[in-house]
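J.: Take a look at this one; I'll ask things after.
Nothing in this text is a laboratory measurement; each read-out follows from the coordinates by a stated rule. Everything quoted here is computed from the prediction, not taken from an experiment. As a convention, Cβ positions derive from the backbone with ideal geometry for all residues, glycine included, and neighbour counts pool all protein chains shown.
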Amino acid sequence: MRKLMTVFAVLVILSVSGTGHPVETKLPVPKSGAAPAAPAADVFLRFSKHEGISRIVFETADESFIKNTTVTSERNQIKVLFPSNLNLKAQGNPDMETSLKGNLYTITVNSPFRIKVLKLSSPPRLSVDIMAAAKDEGRKPAAVEATGPAITPNIRVVLDPGHGGYEVGIVSGDLREKDLTFSLARSVEAALLKKNKTVFLTRKADQFLSITDRAIFANQKAPDVFISLHLSMTDNFVIYISAAEPASPDAAGELYGLMSRQRRYADKSKALAEGLGNVLKEELKRDIILRKMDLPLLASVGAASVMVELPVTVASDQSVKTKITESLLKGIASYAGQ
Amino acid sequence: MPANRKRILWVLVFALLFLGGIAGGFFYFSRNFGFKQAAETVPQEARQAEDASFVRVYYPSEGRLVMEERRVKRQVAITAIAEEIVNEFLKGPSTMAKSAVPPGTKLLAVYYGSDGILYLDLSDEFRRNFQGDALNEFLLLKGLYDSIISNVTGVDDVKVIIEGKEIESIGGHFLALYPLKNMLAEVK
């Protein structure tokens, strides 16, 4: 019996020592002693030139990568310092000398210049505009004008002709909302193209396009201005902006949802609406109603966005249509500060 | 006493007891379970008043919602009350010449989800015959939502489906893919 108890006690002690004590496991140590290098970020590089402005755009999926990139300029060089190494995928050829060493991208410009730097989102990108400096600026070092999102001289505009396809919209006699908004959008597009502006239409024919598809298209084009065109049942122009309040700094997480993209552009949308409203009022001598509403399309677009409703009573008049086109152009130009 | 007569006597006693039991049961149940009401003559108007209730229905009208009180059949179940209200809503307002409610719309079914959402299945006319701008669409949906929420307790939100299917939008300005509450914040 005593023997049996001794065996039992030994077994209990063994089992306790096996489970109760922490097991020490040695983690493998990297041979070099350093942390493994982070994978290089894919950065797309685009060059373009419009009206004497050379634009270089670096685009990547990581917003913090763009945020932590710095741009400096000295003498005849512009230096773009990225936070880590990158895989640069260039589209097009620049008309100036460029080089990439590690995480430093250098642009050499042979004539006096000044630059404008923009950090934009949706998609995250860094835009460097290089302009010829005025003669008296020639010997001064080039200055970085701004680092926050601002409106560039060559703004990108997305026009959204409301309704389409089986979704006819308002019908008044022979007039159908889907036709009228499309015709007006084409007319504004043509006028903007004449001024060498970049402009996109959400639909290019009489086709149905869902609200979600319109928002996705607009965000893909990364516009500075988004205008959705519709008709109003009243005798007044109605300009809608999203009811989204400007984003607070601690609400960064909310901004990733499609429906809350507008929050960081709320102030810009208001400025655009007021600019358009003033011009329309002056040109067409009609009352303008500015209204905030939770319209899902406006809430989903990451740009200064408005929906303009034209009075159904005047929208079919060709001379009024021409005035509306001109007013929209002036409103966009006034917003862009041109 | 002969055995036959004694047997007949017992049968009679049992038969009397049986009939007495039936008669007693009839009087007991008729007194306690409402046979009395059926026997009473209730005036028809009073009976109708007891069966009816008033609901507040909100109709879109000239850029705002106007409320009308409508008399509907008294109902107990949530879906039955909602059915009465939506049918009144679809009839349109009595005071306006032209209704902003899409003509020809029929209520196909009402479902009440365990999530507190009331699903209104409407006919395709609700989408097809809608004529209006963003504010008109807003007021149409808000009128429908307010009419339900202000009359039916236990409903947290309302969702519109068309012909049994989810659709993206009624009039091309608002999403109908989601319940209405969050989308119908006040216009500023």
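J.: List the residues whose amide H sits under 5 Å from the amide H of A:Phe200, counting only those 5 or more places along or on another chain, with H placed 1.01 Å from N in the peptide plane.
T.: A:Val157, A:Val158, A:Leu159
J.: List every residue whose amide H lies under 5 Å from the amide H of A:Ala133, counting only residues 5 or more places away in sequence or on a different chain, with H placed 1.01 Å from N in the peptide plane.
T.: When sequence neighbours closer than 5 places are left aside, the close amide H contacts are A:Phe113, A:Arg114.
J.: Could you derive backbone 3J(HN,Hα) for segment A:54-69 from the dihedral phi with the Karplus parameters 6.51, -1.76 and 1.60 (θ = phi - 60°), listing whole Hz in sequence and x where the residue is Gly or Pro?
T.: Couplings: 8, 10, 10, 10, 9, 10, 8, 7, 9, 5, 5, 5, 5, 4, 8, 8 Hz.
J.: Let me know the mean shielding of B:122-133 by other chains, meaning the per-residue number of their Cβ atoms within 10 Å of its Cβ.
T.: Taking the mean over all residues of the peptide, I get 3.
J.: If you restrict to DSSP beta bridges whose two residues both lie in segment B:76-188, what percentage is antiparallel, to the nearest 5?
T.: Here the share of antiparallel DSSP bridges comes out near 50 percent.
J.: Something else about it: Other chains near B:164-173: what is the mean number of their Cβ atoms within 10 Å of each residue's Cβ?
T.: 5
J.: Pulled fully out, how much extra length does the chain show between A:Asn278 and A:Arg186, if you take 0.36 nm times their separation in residues and subtract their Cα-Cα distance?
T.: Once the chain is fully extended between A:Asn278 and A:Arg186, it gains 30.9 nm.
J.: Which whole-Hz ³J(HN,Hα) couplings does segment B:77-90 yield from phi under the Karplus relation 6.51 cos²θ - 1.76 cosθ + 1.60, θ = phi - 60°, glycine and proline marked x?
T.: Listing the rounded values in order: 5, 4, 5, 5, 5, 4, 4, 4, 5, 5, 5, 5, 4, 5 Hz.
J.: Counting only other chains, and only Cβ atoms inside 10 Å, what mean value do you get across the residues of B:66-77?
T.: Whole-number average of other-chain Cβ neighbours for B:66-77 is 0.
J.: Which pairs, out of A:Lys285/B:Lys181; A:Lys89/A:Lys116; A:Lys178/A:Lys292, put more than 27 Å between their alpha-carbon atoms?
T.: A:Lys285/B:Lys181
J.: Could you order peptides B:58-69, A:286-297 by the average number of other Cβ atoms within 10 Å of their residues, highest first?
T.: By packing density, highest mean first, the sequence is A:286-297, B:58-69.
J.: Would you pull out the residues with amide H under 5 Å of A:Gln77's amide H, same chain only if 5 or more places away, H placed 1.01 Å from N?
T.: It is A:Val109, by chain and number.
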